[in-house]
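Undergrad: The structure is given below, and queries will be raised subsequently.
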Amino acid sequence: MKKIMLSIGVLVFSLSANVFAQTETSGREKIYRATPTKWTELKHTKLKVNFDYQKEQMNGEEWLTASPYFYPSDSLVLDAKGMLIHEVAIDKEGIKTPLKYNYKGNILTINLDKTYNRNQDYTVYIKYTSRPDVAEKQGSLAKGLYFINSKDNDKDHPFQIWTDGETEYSSIWFPTIDKPNQKTTQEIYMTVPDKYITLSNGVLKESSKESGNMRTDHWVMNKRHSTYLFFMGVGDYSVVKDKWRNIPVEYYVEKEYEPYAKQIYGNTPEMMEFFSKKLGYDYPWAKYAQISGRDYRSVAMENTTATLHSSEVLQKPGQLIDENKWEEYIAHELFHHWFGDLVTTESWSNLTVNESFANYSEYLWNEYKYGKDQADYHLMTNVGRYISSHSDFNKNLVRFDYDSPEDVFDVVSYQKGGGILHMLRNYLGDDAFFSGMTDYLKTYEYQNAEAQQVRLSFEKTSGKDLNWFFNQWYYGSGNPKLEYSYTFEPVKKQVELVINQSQEKPFEFPLAIDVFDNGKPKRYNVWVDARKTNTFTFNVSKNPDLININADGVLISENVDKKTPGQNLMQFTNSKEFANRYKALVGIKDNLGDPAAVKLISAALKDPFFRIRIKALEILNLSNADQEKALASDVEKMAINDPKTLVQAAAISALAKTKNKKYLPLFEKGSDAISNAVKSNSLMAIMEIKPSMAESLVNKIDLSEASKNMLIKMFPIIVRNKVTSQLQYITSIVAFYPLIKLQDPELGKSAEEGFNLIMSSDNTLATEGITKILSQAKTEMLKDKDAKKMITQMLQEGLEKKKDFLKQNPQKAESLNKQIAALNKIIEEYK
Ligand SMILES: [Zn+2]
């Protein structure tokens, strides 16, 4: 699963945990999150379900086959959150005998008809009603089972039902042992209106018509997988069919996206082939389907053979021409079908064996498909996210002391974990690294594992001890913080490099060092011991021009570099690795007046990798006469001709900073482009140079289709120019302005103006847009008392503004009273 962003409905801004203070944990007793004890071994889960669309509930019957795990037992203890339990019986060849049970505190304890020994199977029958809303009211952090517009009263939403089990929410829709170290085979009979399609794990075995235009689909999953990976989906989707070898590959898309399904998901078969070969283990499941869920609060979830994506996966050509922003998630969720679904973490403490590998698959896919630069860019931005999240410095990768299992889904388990695997690959070499992964998969297939088992597989394959690596990076926290200096010894013709580790606990690691002698780099691979200070000596012909540490960019570290623009230029022009070029480029940011800096930027504009070109365009400043002279004609050409639309867009923004009217025709042309990036940056440029043109242009854009990025860029223009016709499309931003202000004061101020504009005018669509989004986000917001307070205050003030506006405009009473009612209702909901 990807849980990096908790997006709330269509909310543009994520309420990442760092907006508000973390849970206070001081003075609490030390927590130890043990692997759940296995008293019972689940074997097979059979469900028959149908839905109550009005109550948003599910009627279920379950036949659960299990046995004691080791010790004899006469009871079965199940998780069942927020349910009504109607009947519990033992089922022996179809004959049901009622059993005594106790259902309390979301735990269903069943007294079996006798004491069973291990390997002695029994089947328990349970008739129940699943009530997601009740489970949520009882404190569950998620609903597990989601009904989208099932009452058919929201014309903006299609009808959908889908489930999301991770971490422990499957027990909201069927009684089970809701722990990752329980695996069962499964079959589900889903009865739905005939007009809808269904999706579940495994294969659709049969489909039979029922009376009243209903149909029952029978889905069968005959390989064991963890209960959190169980999935059901129902809705009005188009199914676009594809294939990998003989395995069906299917894309379930909302109907209007059917023409673009292959553009969005079409690399999936190639990914399946690539990962199967790379891992030495063929994709093990009977099919692979991907579906999207509206208002899904997470990013995506790797339900076995039935991945659920947020509906942000759905993109149109304007976005796709820039880049498929979801491709890395598509790779990530697919890779979970080996690391996560085939071999599953034994406990949430060991989540790294799912998520760090899935994160690293994004690197592998980029490396294979788009080249090492793209992969290294991914690595740099990912590790950068961990480095800049200072509170995560002290978190171990394997963690036994979390508050909630959800806490482990963070930049340490994902981004840092992926970077750690990259270091391990570098240390072991590709052959040993990928063979170790194959060994891990073959040894623990259809079972559970923890990080120690990852270590054992890599040790077994490579013959190398890896305790030092795992103790440091898996069972420890932080990273090296390096400072270095060097002195030249002219008689010996040697340079002495001193590397200091400034963090509290020293690390040991291999380190790549480039020593530039006569303008050319020579690569040294040294071993840095776990000491404060390490000293290395290299032979040189004269005082080195430059020494570049972590030259291959592999080590997760924070380095203090002090390089002159000339040295950065030398590093840029002589380095193959992306990270060296990128860092050299960023390194001149504050010395743009230096001639070497202009030379570097000029070279960077011609770099084969488009991310470097974009960065150069972001850094340069064409209002400066020297840069204008040296670079402007190149930038102008890039704005028109660069093969990447994202680069064109960045070039347009760079030209806009000059405020030179001669570029206006170029921007006007850009405002008609297909590319969202080119279009929105051109509009921004016109805003800068000729604001009077902006309103008519903003009106030209269909913001209902706009990407979030574009919306963020456009919305200040809409607010500033009071473009009332477009206000309804920015409600997902303005409705949260007090929270946005905390993250980005400038944007927050604009959002506040937008909110006040809507409140001080007669705009039913925009007002109801705000109340609707706040209603969707309610559960999330009410969990945080600061957020609740801020939103409530915002709404009270908005309501007063609306009432004032009504006093001044009594002729508009009918529509204004409707808006006032909507505001009163949402204020009530937030009480
Ligand atoms: Zn994941």
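Undergrad: Using the heavy atoms of the protein chains alone and a 1.4 angstrom probe, what is the accessible area of the range 528-598 per residue in square angstrom?
TA: Solvent-accessible surface per residue comes out at 43 Å².
Undergrad: Excluding ligands and nucleic acids, what accessible area in Å² is computed for H422 using a 1.4 Å probe, to the nearest 10?
TA: For H422, the solvent-accessible surface is approximately 20 Å².
Undergrad: I'd like the accessible area for S389, computed on protein heavy atoms only with a 1.4 Å probe and all protein chains in place. Round to 10 Å², please.
TA: 30
Undergrad: Quick one: compute the contact order of the chain, relative version, from alpha carbon pairs under 8 angstrom and 6+ residues apart, as a percent.
TA: 8
Undergrad: How much accessible area per residue does the range 42-235 have, counting only protein heavy atoms and a probe of 1.4 Å, in square angstrom?
TA: Roughly 42 Å² per residue, with all protein chains present.
Undergrad: Taking a point 7 angstrom from the Cα of M693 along the C-beta vector, which residues in the range 626-669 have backbone N less than 13 Å away?
TA: Answer for this model: 656, 659-669.
Undergrad: Next question, about the same structure. Report the gain in length on full extension from I640 to E618: 0.36 nm times residue separation, minus Cα-Cα distance, nm rounded to one decimal.
TA: 6.2 nm
Undergrad: With labels modelled as points extended 7 Å from the Cα through the Cβ direction, what inter-label distance (nm, one decimal) is found for T792 paired with L765?
TA: 3.3
Undergrad: Show R215, R531 ordered by accessible area, largest first, where the area counts protein heavy atoms only and the probe is 1.4 Å.
TA: Solvent-accessible surface, decreasing: R531, R215.
Undergrad: Using only the heavy atoms of the protein chains and a 1.4 Å probe, how would Y486, Y440 rank by accessible area, largest first?
TA: Accessible-area ranking of Y486, Y440, largest first: Y486, Y440.
Undergrad: For T764, what accessible surface area do you get with a 1.4 Å probe? Give it in Å², rounded to 10.
TA: 40
Undergrad: Working with all protein chains in place, sort E270, E800 by solvent-accessible area computed with a 1.4 Å probe, largest first.
TA: E800, E270
Undergrad: Let me ask something else. Label A625 and W39 with points 7 Å out from Cα along Cα→Cβ: what is the distance between them in nm?
TA: The answer from the label model is 8.4 nm.
Undergrad: Okay, next question. Could you pull out every residue, at least 5 positions away or on a different chain, whose amide H is within less than 5 Å of the one on L620? Hs are placed 1.01 Å off N in the peptide plane, and Pro or chain starts have none.
TA: Result for L620 returns nothing.
Undergrad: Too long at a 30 Å Cα-Cα cut-off: which of K30/K127; K372/K657; K481/K606; K241/K278; K542/K599; K481/K522?
TA: Over 30 Å Cα-Cα: K30/K127; K372/K657; K481/K606.
Undergrad: While we're looking at this one, here's another question. Run the accessible area of the range 383-508 with a 1.4 Å probe and give the carbon-and-sulfur part as a rounded percent.
TA: Carbon with sulfur: 46 percent of the solvent-accessible area.
Undergrad: Return the carbon/sulfur percentage of the accessible area of the range 516-654, one whole number, probe 1.4 Å, all protein chains in place.
TA: Answer for the range 516-654: carbon and sulfur cover 50 percent of the accessible area.
Undergrad: Let me ask something else. Sorted from largest down, what three extents in whole angstroms do the Cα atoms of the chain have along their principal axes?
TA: Ordered largest first, the chain gives principal extents of 92, 82, 57 Å.
Undergrad: Oh, and also: Listed here are the pairs K143/K818; K48/K137; K669/K722; K38/K179; K55/K179; K749/K825; which of them are more than 20 Å apart at the Cα?
TA: Checking Cα-Cα distances, K143/K818; K48/K137; K669/K722; K55/K179; K749/K825 exceed 20 Å.
Undergrad: Would you mind computing, in nm to one decimal, how far apart the modelled labels at Y475 and E800 are, each placed 7 Å from Cα along Cα→Cβ?
TA: 5.9
Undergrad: Just the accessible area per residue of the range 432-524, please: how many Å² with a 1.4 Å probe?
TA: 45
Undergrad: May I ask you to derive the relative contact order of the range 355-473, considering only C-alpha pairs under 8 Å and at least 6 residues apart, and to give it as an integer percent?
TA: Averaging sequence separation for qualifying contacts and normalising by length gives 25 percent for the range 355-473.
Undergrad: Say a paramagnetic label sat at a point 7 Å from the Cα of Y32, along Cα to Cβ; which residues of the range 326-349 have their backbone N under 17 Å from it?
TA: Answer for this model: 347-349.
Undergrad: Pairs of alpha-carbon atoms within less than 8 angstrom and 6+ residues apart define the contacts here; what relative contact order does the range 579-718 have, in percent?
TA: 15 percent.
Undergrad: Expressed as a whole percentage, what fraction of the accessible surface of the range 42-235 belongs to carbon and sulfur atoms when a 1.4 Å probe is rolled over the protein heavy atoms?
TA: 47
Undergrad: Suppose R0 equals 56 Å; then what is the FRET efficiency for E483 and K92 from their Cβ-Cβ distance, rounded to the nearest 0.05?
TA: With a Förster radius of 56 Å, E is 0.20.
Undergrad: I want the antiparallel fraction of DSSP beta bridges within the chain, as a percent rounded to 5.
TA: Counting only bridges with both partners in the chain, antiparallel ones make up about 85 percent.
Undergrad: So which aspartates and glutamates pass the test for K783, namely a Cα distance under 12 Å, with those fewer than 8 places away in the same chain ruled out?
TA: E136
The values are calculated or read from the model by the stated rules, or taken from the named source; none is laboratory data. Bear in mind that the values here come from a model prediction, so they are computed numbers and not experimental data. As a convention, Cβ positions derive from the backbone with ideal geometry for all residues, glycine included, and neighbour counts pool all protein chains shown. Just the protein is used for accessible areas: all its heavy atoms, side chains included, with ligands, DNA and RNA removed. Shrake-Rupley method; radii C 1.70, N 1.55, O 1.52, S 1.80 Å.
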